[in-house]
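Structure first, commentary second.
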């Protein structure tokens, strides 16, 4: 694998990926970000087995391929590179190294095989809808304070988003509780959300969404069987 990408685009993608990576991890592959280059795009994927973040951006792909490298280390390197720098990523599978080149800077990072990276559930969703980012931000901000931090009651470690009946008709409702406090907030039902099953949006996912609130719209996708949710930005200003 070999590709070239602008520093700003790379930093944005790696920042999103490393946000879900645990600093202390007993499973080495979970500390890595999966980099997949093909065609004119490169995709960055990271997970902690509860949440998966995927960021796809345009790049000059000279040689297609995939590898995994430490998300935190790569983020620290890219963050310190000068603005506007063109960064080249070259993977040597035989040696298990990823080379990062930018101007006179050169770094060599250890990699792990892409086959070791865990595969999350399929992204085929039975229900999806779009909603303005400020609407979702209001729902989550006004309910997340009541989320429980007790890990043994994992079903309380998030916000329950579902469709509910109200005096004016159906609404999109978010509820959270820690057994002592209860938060409930409603919003107008977005188009296409009427058949959405109730799901629990994990607290950590809310933190990741907070990094993207400058987006004008979010696309929310909800499966009926896996009960796994995804919030994806549609457009940035």
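Any read-out appearing in this document is the output of simple, stated calculations on the displayed coordinates, not a laboratory observation. All values derive from a computational prediction rather than experimental measurement. We place every Cβ from the backbone using ideal geometry, glycine too, and count neighbours over all the protein chains shown.
Taking the alpha-carbon centroid of each part, what is the distance from the range 53-76 to the range 171-207 in angstrom?
The range 53-76 and the range 171-207 have Cα centres spaced 33 Å from each other.
Of the residues 161, 196, 120, which exhibits the maximal mean-square fluctuation in a Gaussian network model of the chain defined by a 10 Å Cα contact cut-off?
Its mean-square fluctuation being the largest, the pick is 120.
If one takes the longest principal axis of the Cα atoms in the chain, at what angle in degrees, from 0 to 90 and to the nearest 10, does the Cα axis of helix 7-18 lie?
Long axis of 7-18 versus the principal axis of the chain: about 60 degrees.
Once you order the gyration tensor axes a ≥ b ≥ c over the Cα atoms, which shape class does the range 2-116 get: rounded for a/c under 1.5, otherwise prolate or oblate by comparing a/b with b/c?
rounded
Taking Cα pairs under 8 Å and at least six residues apart, what relative contact order does the chain come out at, in percent?
16 percent
Given springs between every Cα pair under 10 Å in a Gaussian network model of the chain, which of 199, 27, 51 has the largest fluctuation?
Judging by the Gaussian network model, the answer is 27.
Where a ≥ b ≥ c are the square roots of the eigenvalues of the C-alpha gyration tensor, would you call the range 47-180 rounded, which needs a/c under 1.5, or, failing that, prolate if a/b is larger than b/c, or oblate?
Prolate shape, in that a/c is at least 1.5 and a/b is the bigger ratio.
Please arrange 44, 145, 107 by counting, for each residue, the other beta carbons lying within 10 Å of its beta carbon, fewest first.
Least to most surrounded, the residues fall as 145, 107, 44.
Taking 7 Å along the Cα-to-C-beta vector as the label spot, tell me the residue 95-residue 164 distance in nanometres, rounded to one decimal.
Between residue 95 and residue 164, the label points sit 5.9 nm apart.
Please work out the FRET efficiency for the pair residue 181 and residue 119, using the Cβ-Cβ distance as r and a Förster radius of 45 Å; give the result to the nearest 0.05.
With R0 = 45 Å, the Cβ-Cβ based efficiency is 0.75.
How do 155, 160 rank when sorted from fewest to most other Cβ atoms within 10 Å of their own Cβ?
Least crowded to most crowded, the residues run 155, 160.
Take residue 56 and residue 2, extend 7 Å from each Cα along the Cα→Cβ direction, and tell me the distance between the two endpoints in nm.
The answer from the label model is 2.6 nm.
Spin-label point model (7 Å from Cα, Cβ direction): what's the residue 155 to residue 27 distance in nm?
2.4 nm
Quick one: grab the alpha carbon gyration tensor of the range 37-97, order the square roots of its eigenvalues as a ≥ b ≥ c, and give me rounded if a/c is under 1.5, else prolate or oblate depending on whether a/b is larger than b/c.
Because its axes are fairly even, with a/c under 1.5, the range 37-97 counts as rounded.
Just to confirm my numbers, what's the Cα centroid distance between the range 1-44 and the range 103-164 in Å?
Their Cα centres are 16 Å away from one another.
Helix-derived [θ] at 222 nm for the chain: sum -39500 (n - 2.57) over DSSP H runs of at least 4, divide by residue count, nearest 500?
Estimated from H runs of four or more residues: -4500 deg cm²/dmol.
Under 10 Å, Cα contacts only: if you run a Gaussian network model on the chain, which one of 158, 198, 84 comes out with the highest mean-square fluctuation?
Fluctuation is largest for 84.
Which residues in the range 57-76 have a backbone N closer than 13 Å to a point placed 7 Å from the Cα of residue 107 along the Cα-to-Cβ line?
69-76
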